[in-house]
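The values are calculated or read from the model by the stated rules, or taken from the named source; none is laboratory data. Keep in mind that this is a model prediction, so the values were computed, not measured. Cβ atoms come from the backbone with ideal geometry, glycine included; neighbour counts cover every protein chain shown. Just so you know, the surface numbers come from the protein's heavy atoms only, side chains and all, with ligands and any DNA or RNA stripped out. Shrake-Rupley method; radii C 1.70, N 1.55, O 1.52, S 1.80 Å.
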Amino acid sequence: MYTQGLDSLGADCLHTTEAERAALEQRFQAKVDAEERIEPKDWMPDAYRQTLIRQISQHAHSEIVGMLPEGNWITRAPSLRRKAVLLAKVQDEGGHGMYLYSAAETLGVSRDEMLEQLLTGAAKYSSIFNYPTPTWADVGAIGWLVDGAAIMNQIPICKCSYGPYARAMVRICKEESFHQRQGFETMMTLARGTPEQRRMAQDALDRWWWPSLMMFGPNDAASKHTAQSMRWKIKRFTNDELRQKFVDITVPQAEFLGLRVPDPDLIWDEASQHYRFGTIDWTEFHQILQGNGPCNRERVAARQRAHEGGSWVREAALAHAEKRRRREAQAA
Amino acid sequence: MTQQQKEWPLYEVFIRARSGLEHKHVGSIHAADARMAIEHARDVYTRRQEGVSIWVVRSADIVASDPSDADALFEPAKDKIYRHPTFYEIPDEVKNL
């Protein structure tokens, strides 16, 4: 229902004068400042719409691509219980992608356009999913760290000014908590296991720690979108604030597991009541964003294969629906 | 066929959480037809027993009020506070009213 009428809305906007436009913008910002929600058919600045389309679709792509590194382990999960859990988790990621795509569609972008952007590499997704998952401990580390960081990022979005995005996020956050807990449980089992299992857990933490910290995005000084997004209440905390929160709650969890966080500069600062941590290697982050991570090509290729492989199913389903409609019309 | 024709149509999804409650809008789903829309809605929106009944309706078939008409539509009710029970002052000693 949301996508209806957007074209006419756009056309109307072309005819508004500078003064009318300023008044609309002012009313919009007042609504946002008053913590009212913006809904699909409400007037919104074009830049707000474009920012949301970019952010929500990238978020959706991340959920979809995020199914790949863990999907890798479904057939090799160490027990039936772990396998059922992992299947449910990966299915959730798919569901989250669907909630988010449909939230983005309310802004007037079509599902096909978004998929096209993912498959051609025009759209980005979270850099974290371009790392490989060579061992079972990676599944635990992803749940604990990657989903932990995602939750930290996503909880504030439950109060985002754009209604459909906020509602999708409430649903996602509720489901995400199981993802993190099952990951921590897996890590705990390994950490309490044989020396070899402990080594596996440590190795996974060593590889996922820094990429997880990068998930919060560039440092505040280098983040070009933060100020505007905060004014629009799409974002509630800066990247560095969220990263600090994540470090503060995660380090004690690693200590509980008896694992070592791979950062020689990590130290508890009594005065500020926060952990201080080392400098992030942003060259690695930017390399991955530019497509040069360990698995960038593999991930996009897997999505392309799935899309092409499924095209006959999509077409057949449409043809079948059409045939049934015709038959029902004849029978009536 | 063009891209647009290839895309499965969009359906809005409404779910009744349990008997006694109304169906509530939860989001949307793409499907080739209504039957498939219900199947997909089940997979996407009820993985944790969120519902006992699903409605789907083609998004294109929904007629909605225009936000710019909101004042004309809803403002007239604003000054009719006598439609609420709290408008009437009844002495405290009168019970059951």
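Residues to consider are A:Tyr131, A:Tyr101, A:Tyr125; find the one that is within 14 Å of chain B (Cβ to nearest Cβ) and aromatic (Phe, Trp, Tyr).
A:Tyr101
Within the range A:53-76, how many residues turn out to be open to solvent by 20 Å² or more (accessible area, probe 1.4 Å) and assigned to a loop (DSSP other than H, G, I, E, B)?
If we filter the range A:53-76 for residues that are open to solvent by 20 Å² or more (accessible area, probe 1.4 Å), which is where we start, we get A:53-55, A:58-59, A:67-68, A:71-76.
This time we only want the ones that are assigned to a loop (DSSP other than H, G, I, E, B), so: A:72-73.
Summing the residues that are open to solvent by 20 Å² or more (accessible area, probe 1.4 Å) and assigned to a loop (DSSP other than H, G, I, E, B) in the range A:53-76 gives 2.
For residues in the range A:229-250 being crowded, with 16+ Cβ neighbours inside 10 Å and free of Cβ contacts under 8 Å to residues at least 40 places away in the same chain, which is nearest to A:Ala204 (Cα to Cα)?
A:Val247
Which condition from (1) crowded, with 18+ Cβ neighbours inside 10 Å; (2) at pLDDT 95 or above is the one that A:Met1 breaks?
Among (1) crowded, with 18+ Cβ neighbours inside 10 Å; (2) at pLDDT 95 or above, the lone unmet condition for A:Met1 is (2).
For the range B:51-73: of the residues being open to solvent by less than 60 Å² (accessible area, probe 1.4 Å) and more than 9 Å from chain A (Cβ to nearest Cβ), which is nearest to A:Lys89 (Cα to Cα)?
B:Gly51
Being in contact with a His (Cβ under 7 Å, 6 or more places away or on another chain) and either of a type outside the set (Asp, Glu) or under 27 Å from A:Val313 (Cα atoms) (or both) is true for just one of B:Ala31, B:Ala17, B:Ala41. Which residue is that?
Selected residue: B:Ala31, the only one of B:Ala31, B:Ala17, B:Ala41 that is in contact with a His (Cβ under 7 Å, 6 or more places away or on another chain) and either of a type outside the set (Asp, Glu) or under 27 Å from A:Val313 (Cα atoms) (or both).
Could you list, ordered by first residue, the pairs with Cβ atoms under 6 Å in which the first is in the range A:26-49 and more than 12 Å from chain B (Cβ to nearest Cβ) and the second is open to solvent by less than 60 Å² (accessible area, probe 1.4 Å) and of a type in the set (Ser, Thr, Tyr), at least 6 apart or interchain?
Matching pairs, first to second residue: A:Val32/A:Ser161.
When both residues are 6+ apart or on different chains and their Cβ atoms are under 7 Å apart, which pairs have a first residue that lies in the range B:48-65 and is farther than 11 Å from B:Leu10 by Cβ, and a second that is in a loop (DSSP other than H, G, I, E, B) and not charged (D, E, K, R)?
Final answer for the pair search is B:Glu50/B:Ala17; B:Gly51/B:Ala17; B:Val52/B:Ser19; B:Ala64/A:Met1.
Name the single residue that is least open to solvent (accessible area, probe 1.4 Å) among those in the range A:27-52 being among the acidic types (Asp, Glu) and closer than 23 Å to A:Cys173 by Cα.
If we take residues in the range A:27-52 being among the acidic types (Asp, Glu) and closer than 23 Å to A:Cys173 by Cα, then A:Glu39 is least open to solvent (accessible area, probe 1.4 Å).
Mind checking which helices (runs of 4 or more DSSP H) fall wholly inside chain B and carry at least 2 residues that are β-branched (Val, Ile, Thr) and under 24 Å from A:Arg167 (Cα atoms)? Outline the logic, then answer.
Details: elements: B:3-6, B:34-45, B:70-74.
Correct list: B:34-45.
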